[in-house]
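Structure, as structure tokens:
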Amino acid sequence: MTTIAKDHRSGFVALVGRPNSGKSTLTNAMVGTKVAITSSRPQTTRRTIRGIVRRREFQLVLVDTPGLHKPRTLLGERLGTMVRQELDEVDAIVMCLPADQQIGTGDRFIADHLPSRIPLIAAVTKADLVGRGAMVQALAAVAEMDRFVDIVPVSAVNGYQVEDLVGLLGARMPLGPDLYPDGEVSDQPVDLMVAELVREAALEDLRDELPHSLAVMVDEIVPREEPHQGVAVRVTVYVERDSQKGIVIGHGGSRLKEVGTVARREIEALLGERVYLDLHVKVARDWQSDPKHLARLGF
């Protein structure tokens with residue numbers, strides 16, 4: 001049994017920022033393993049993902065939120081509400097600002113609308129993509145916002161100052177015991193993690209309008225009848241149009257087969273056993289704005 005020191009700290013940290021600002025990649029880097037899906041597509045994260053960071057002196061529970069932006073659908077409105085609820089319950093907020101993009105009005109809007117009572121730390125992400133001069137300019141622009149208690153340039157790709165950010169956050173947590181048992185890295189249900197891995201694989205190389213129309217639901221995860229053959233995972237990928245269904249499946253099912261190959265490898269790593277992955281694509285018309293579809297899909 002692990003003994004917790006009297007000065008041990010623990011708490012919740014939310015990661016916020018514009019879509020595609022590096023929140024999920026930074027979450028994974030801080031946890032040390034994959035708990036949130038990543039993609040070059042904006043608005044990849046649709047749920048609040050909790051990743052657990054454990055050090056001897058503290059435990060952080062990271063909340064990787066969907067990117068904050070003006071909602072265009074009922075789904076967007078519900079995601080915004082979910083983010084605001086999470087932000088009311090955390091002990092610190094990390095705002096991700098990518099160094100390779102100009103600091104703009106969208107960043108200032110987000111910063112100005114975050115709770116003022118909660119410490120706000122700027123993580124200037126993607127430091128590996130810019131030179132020293134560009135990073136100095138980015139840091140100066142962030143400092144001019146005059147909103148942050150700390151500013152830390154980081155790279156989740158090569159680990160630059162990620163541990164410094166972790167230590168800084170740990171020192172800001174309130175005194176308390178671990179919130180999750182040692183060894184846990186996330187509190188996500190397995191079926192949700194599997195669904196997210198399938199969606200991550202399906203997001204690659206799609207047309208611009210398609211990523212936001214994709215939803216994934218795990219129908220079942222069951223042991224296979226044959227001994228030592230692992231589990232059968234049956235998953236449905238939902239799109240909003242018949243034309244989108246054809247794009248996801250590909251000519252002769254070629255693209256769906258590729259998605260299955262990539263996703264199965266990730267799911268086997270997650271579950272630690274062989275996986276038979278059965279993928280199906282269905283149309284749920286305008287699901288992003290349909291309350292019944294959203295409820296069935298867990299939003």
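Some points to look at:
- Residue match in the stretch 67-81 (condition: of a type outside the set (Phe, Trp, Tyr) and at pLDDT 65 or above): no
- Scanning the stretch 270-299 for residues that are closer than 14 Å to Val233 by Cα and of a type in the set (Gly, Ala, Ser) yields one hit, Gly272.
- Top-ranked residue of the stretch 244-285 - restricted to ones that are surrounded by fewer than 12 Cβ atoms within 10 Å (Cβ to Cβ) and among the small types (Gly, Ala, Ser), ranked as nearest to Glu225 (Cα to Cα): Gly272
- A count restricted to the stretch 122-141 and to residues that are surrounded by fewer than 19 Cβ atoms within 10 Å (Cβ to Cβ), hydrophobic (A, V, I, L, M, F, W, C) and within 21 Å of the chain's Cα centre (by Cα) stands at 1.
- Residue tally, condition modelled with pLDDT of 80 or more and out of contact with any Asp or Glu (no Cβ under 6 Å at 6 or more places or on another chain), over the stretch 186-212: 13
- Each residue in the stretch 276-299 was checked for being closer than 14 Å to Ala195 by Cα and β-branched (Val, Ile, Thr), and 1 of them qualify.
- Residues that are surrounded by fewer than 14 Cβ atoms within 10 Å (Cβ to Cβ) and among the polar types (S, T, N, Q) within the stretch 166-189 are absent altogether.
- Residue check for Leu169: aliphatic (A, V, I, L, M), in contact (Cβ under 8 Å) with a residue 24 or more places away in the chain and closer than 17 Å to Leu26 by Cα: yes
- Boolean, Asp290 is over 21 Å from the mean Cα position of the chain (by Cα) and of a type in the set (Asp, Glu): yes
- Checked against (1) surrounded by 15 or more Cβ atoms within 10 Å (Cβ to Cβ); (2) touching a Gly at 6+ places or on another chain (Cβ under 7 Å), Ala195 passes all but condition (2).
- Those residues of the stretch 269-292 which are within 18 Å of Ala202 (Cβ to Cβ), in a helix (DSSP H, G or I) and touching a residue at least 12 places away in the same chain (Cβ under 8 Å), in sequence order: Leu270, Trp287, Gln288
- Just one of the listed residues (Thr27, Thr44) is surrounded by 15 or more Cβ atoms within 10 Å (Cβ to Cβ), at pLDDT 90 or above, under 21 Å from Ala263 (Cα atoms) and under 15 Å from the mean Cα position of the chain (by Cα), namely Thr27.
- Test for Val259: is it touching a residue at least 12 places away in the same chain (Cβ under 8 Å) and either hydroxyl-bearing (Ser, Thr, Tyr) or assigned to a helix (DSSP H, G or I) (or both): yes
- Of the residues making up the stretch 110-121, none is assigned to a helix (DSSP H, G or I), of a type outside the set (Asp, Glu), over 18 Å from the mean Cα position of the chain (by Cα) and surrounded by fewer than 13 Cβ atoms within 10 Å (Cβ to Cβ).
- Selected residue (only one of Asp146, Asp182 is part of a loop (DSSP other than H, G, I, E, B), farther than 19 Å from Asp91 by Cα and without any contact (Cβ under 8 Å) to a residue 60 or more places away in the chain): Asp146
- In the stretch 212-243, the residues that are surrounded by fewer than 19 Cβ atoms within 10 Å (Cβ to Cβ) and among the acidic types (Asp, Glu): Asp219, Glu220, Glu225, Glu226, Asp242
- Set Leu197, Leu165: member being at negative phi, of a type outside the set (Gly, Ala, Ser) and either outside the structural domain of Glu266 (by TED's automatic domain parsing) or touching a Phe, Trp or Tyr at 6+ places or on another chain (Cβ under 6 Å) (or both): Leu165
The values are calculated or read from the model by the stated rules, or taken from the named source; none is laboratory data. Remember, predicted model here, so these are calculated numbers, not experimental data. Virtual Cβ from ideal backbone geometry, glycine too; neighbours counted across all protein chains shown.
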